[in-house]
Amino acid sequence: MDRALNSAAPYEAELAALLSPVAGRNLEALAQRAQALTRRHFGRTIALYVPLYLSDYCSGGCVYCGFAADRTQPRHRLDPDQIVRELEAIKAMGFEEVLLLTGERTPRADFAYLRDAVAEAARQFHAVTVEAFPMTTDEYRQLAEAGCVGVTLYQETYEPEQYARLHRWGPKRDYAARLDAPSRALAGGMRWVGLGALLGLSDPLFDTLALYRHARALRHRFWQAGVSLSFPRVCPQEGGFVPPYTVSEAFLAQVIFAFRIVCPDVPLVVSTRENARFRDGIAGVGVNKMSIASRTTVGGYRDHNDSPDGQFHVNDSRDIATFCGALADRGLEPVLKNWDRAYRD
Amino acid sequence: MEALFLSGCLGAGGSACFGSLGNAVITIPKLRLGGHEFESRLLVGTGKFASVSVMFDAIRASGAQLVTVALRRFNREQPGDDLMGPLLKLGVTLVPNTSGARNAKEAVRAAELGRELSGSPFVKVEIHPNPHHLLPDPIETYEACRILAKDGFVVLPYMPADPVLAKRLEDVGVAAVMPLGSAIGTGHGLATLEMVRLIIEDSRVPVIIDAGLRSPSEAAAAIELGCEAVLVNSAIAAAGDPAAMAAAFALAVQAGCAARCAGLMSRSNRAVATSPLTAFLGEER
C-alpha cells in the first residue's frame, strides 16, 4: 500500500493495492496524497455542469432503473420549443456546460431528436455533452458536427453475467456493443468520453478495476482522447431494486482517492446522487468536476418542477449560488466556462 | 558557459534598474518581445487559483507585466466566471492563450478571437491534443505560429524542448520560444535542461521556460542558464500562500538576472586554488 501510494508510475497493481482493505484503514493518507495531486493538476478549481433530461421514454429493461420500459409512470418528452426554454432557464443560472440525457433509443426520442437538441444547445452553450444510448460512429460524427464535445456512457457493470441478468431486453442487452460505444464516439470526433460503473451492481472491486482497464485501453487507442470517470452508486429506491453489493461512503471515497492517485490527470466527476456533506468534503480532494442544481425529471428548470419521480433521487438539492458559496468556503473556485465554441469545427 | 549569454548579459533592450541587492546596484536590461519592452522577466499564468482575489494578489506580488489567460476562460456572459474582464483592469499586458486547441486551425481561430476580445497583440500558442498530459504538438504548433506571425501577432509558442523546432519557429517569426521545463503542473522542474541549453546556444529570440517549474531556485537556475524569462502558474497557484510564492519567484528571477549580469565564474572539473602554490616562481618560467 505504501509503495502504491508513493509510486512514480502507478498502474493497475497499484490501483488494486489502493482499493484493498489495508488501504481502506489508511484513508487519510490516501486523501492527503489525492488532494496534492488534484491541486497539482486541476488547481483549486471545480468545473461545474448541469444535466437536462430531454425525455424519459425508454426501450431499456434495466432492473435497477426507474425509467425502464416496464415501469408504468407517465412518460414525458420535451418538444423543441420546450427544449429552448429549458436551456434558456439553465443558461440564466450561469451554466456553460450542459449534459443532455435521454433513455434508450425509442421512436419518441430517437437519434434525430437528440441531434436537433444538441444543435439547439450548441447555439446557447459553449460546451454540450450527451448521455443517451450507444450509437454508430456515423451518428456520433453527426452529433459532434452538431456541436457535441463529449459523450458519457456508463457500462453499468463490467461483469458480463450480472450484466445479462440486469438488462432484460432490447439493444442494451448487448454488452459488447455498449462496451465499444466510447471507441465509436472518439472515432466519430468526440473530444471527451465519460466512463463509469454503477457501483453496487456487481463486486465494486471488479467493476472499478475493469473501469480502469477500459479507460486505459481507450487512451492507448485514441491518443487525443479525453477520458473522465464517474463513480455513481446505485440507489436502492430505483424501481424497488435492492443492489447486491453495498458500497459505503467510505469505500466510495477510497475509490475516488485511489483513482486520483493512479490517474492524476483524469477528471473525476461526482453528481448530486451524493449528499452535500460528502460532495463538499470530496471536492478538490479527489474530485474536480461536479453537477449542481440538477433535476433528474424531464425538464423542470423553467417551471421548478420538484416531482419526485426522477431517474435518481437528488441528494444535494442546493442551488448554484449556495453550492458555489460552499466551494468558496473551502478555498475552491467554481469554473462555469472552461471551453469555447471557437474550438468547434 | 559565458558563450551562452547574449552579449555577456541579458538580451538587448533598454535598461531597467531593480535597485540594490545588498550593497551592489543591479541594472538589469529590459525584456524585449516583438518590439515591446518589459522590466519584469517573470510571466505568470492565471489558471488554478482559488479565487480571482487570490490570483490578483499573486499577480501583484509577482510584479509580472505579462499575464497569460486562456481564451476558454473568457466569459463575457457571466462576469462572475470571467477572467479577462478583471485582468484588463489590473493594468498588465494580457497574453491570451489557445489552451484547449487540438490543432493549428483551432488555435488560429482562438488567437483571433482572443485578440479581438482583449485588444492584445500577444498570443501564447498552446496546442495540446492530449487533454491529460497537455504536452504541445510540434507539428500543429509550427503551422499555427507560421500563420499567426504572418498575421502580425507577437507569437509566444509553448513548445517541446526541441532545439530544431526552436530554430524552425524562429524562422517563421515567433517573438520568443517557450520550451517546457517539464509537463504542465507536474513540478518536475527543468527536466529538459540539456535540450534547453542547446536551444539557448542557437537562439536569436528570447528563450522563456514555460511549464514545470516548482520552486524559485529552479527559476533562478533557468535564468542563470541563459533563459531570458520564465513563465510560472501552477507553482504559484498551488502554493500554500500564492502571493508569497509569487514574490519569492520574483526575487529568484531577479537574483538569476543579477547573477547573469555579474558574470558567473566558469566551471572547472578540478579544484583551482585561490592562492596558487607556484606563484613564487619567477618571470623566466
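Any read-out appearing in this document is the output of simple, stated calculations on the displayed coordinates, not a laboratory observation. Just so you know, these numbers come straight off a predicted model, no measurement behind them. FYI the Cβ positions are ideal-geometry reconstructions off the backbone, even for glycines, and counts take in every protein chain you see.
Per residue, the average separation of C-alpha pairs within less than 8 Å and at least 6 apart gives chain A a relative contact order of 25 percent. In order along the stretch A:249-257, the Karplus-derived 3J(HN,Hα) couplings, from 6.51 cos²θ - 1.76 cosθ + 1.60 at θ = phi - 60°, round to 4, 5, 5, 4, 4, 4, 4, 5, 4 Hz, and Gly and Pro are given as x.
Largest GNM mean-square fluctuation among B:103, B:233, B:130, using chain B with Cα springs under 10 Å: B:130.
Note on residue A:145 and residue A:25: the extension gain reaches 38.4 nm, defined as 0.36 nm multiplied by sequence separation minus the Cα-Cα distance.
For the stretch A:130-146, the Karplus equation 6.51 cos²θ - 1.76 cosθ + 1.60, evaluated at θ = phi - 60°, returns couplings of 9, 10, 9, 10, x, 10, 7, 4, 5, 5, 4, 5, 5, 5, 4, 5, 6 Hz by residue, with Gly and Pro reported as x.
Working note: Karplus 6.51/-1.76/1.60 with θ = phi - 60° gives the stretch B:156-173 the couplings 10, x, 6, 8, x, 7, 10, x, 6, 4, 4, 5, 4, 5, 4, 4, 8, x Hz, where Gly and Pro are set to x. With coordinates expressed along the principal axes, the C-alpha atoms belonging to the stretch A:1-142 extend over 55, 36, 31 Å, beginning with the largest. Angle of helix A:27-42 to the longest C-alpha principal axis of chain A, folded into 0 to 90 degrees and rounded to 10: 60°.
Name the shape class, rounded, prolate or oblate, that the alpha-carbon gyration tensor gives for the stretch B:38-263, where a ≥ b ≥ c are the square roots of its eigenvalues, rounded holds for a/c under 1.5, and otherwise prolate holds if a/b is larger than b/c and oblate otherwise. Taking the square roots of the gyration eigenvalues as a ≥ b ≥ c, the stretch B:38-263 is oblate.
For the pair residue A:223 and residue B:217, label points projected 7 Å from Cα toward Cβ lie 3.6 nm apart. Give me log10 I(q)/I(0) at q = 0.08 Å⁻¹ for the protein assembly as shown, Debye formula, one equal scatterer per alpha-carbon, no solvent. The computed values of log10 I(q)/I(0) come out as -0.60.
Name the long-range amide H neighbours of residue B:69: under 5 Å, sequence gap of 5 or more, or other chain; modelled H, no Pro or chain starts. Excluding prolines and chain starts, which carry no amide H, the hits are B:95, B:97.
Loop-located chymotrypsin sites (Phe, Trp or Tyr not before Pro) in the stretch A:201-278 (DSSP state other than H, G, I, E, B) with a sparse environment of at most 14 neighbouring Cβ atoms within 10 Å: A:223. Counting only Cα atoms, the size of chain A along its three principal axes is 55, 44, 38 Å, in decreasing order. Multiplying the residue separation of residue B:36 and residue B:193 by 0.36 nm and subtracting their alpha-carbon distance yields 53.8 nm.
Around the amide H of residue B:159, modelled in the peptide plane, lie the amide H atoms of B:178, B:180, all under 5 Å away and 5 or more residues distant in sequence or on another chain. Exposure proxy shown here: for B:72, A:33, the number of other Cβ atoms within 10 Å sets the order, fewest to most, as A:33, B:72.
Annotation: the residues A:49, A:154, sorted from fewest to most other C-beta atoms within 10 Å of their own C-beta, follow the order A:154, A:49.
Build a GNM of chain B with springs between Cα atoms under 10 Å apart, and of B:197, B:146, B:76 the one that fluctuates most is B:76. Under a 5 Å amide H cut-off, with hydrogens placed 1.01 Å from N, residue A:233 pairs with A:199 among residues at least 5 apart or on other chains.
Please give every one of the aspartates and glutamates within straight-line cross-link reach of residue B:30, meaning a C-alpha to C-alpha distance under 17 Å, and leave out same-chain neighbours fewer than 8 residues apart. Cross-link targets: B:39, B:224, B:228.
Report the calculated FRET efficiency for residue A:7 and residue A:112 (r = Cβ-Cβ distance, R0 = 35 Å), to the nearest 0.05. For residue A:7 and residue A:112, the calculated efficiency is 0.15. Here A:172, B:150 are placed in order of increasing Cβ neighbour count within 10 Å, fewest first, which gives B:150, A:172.
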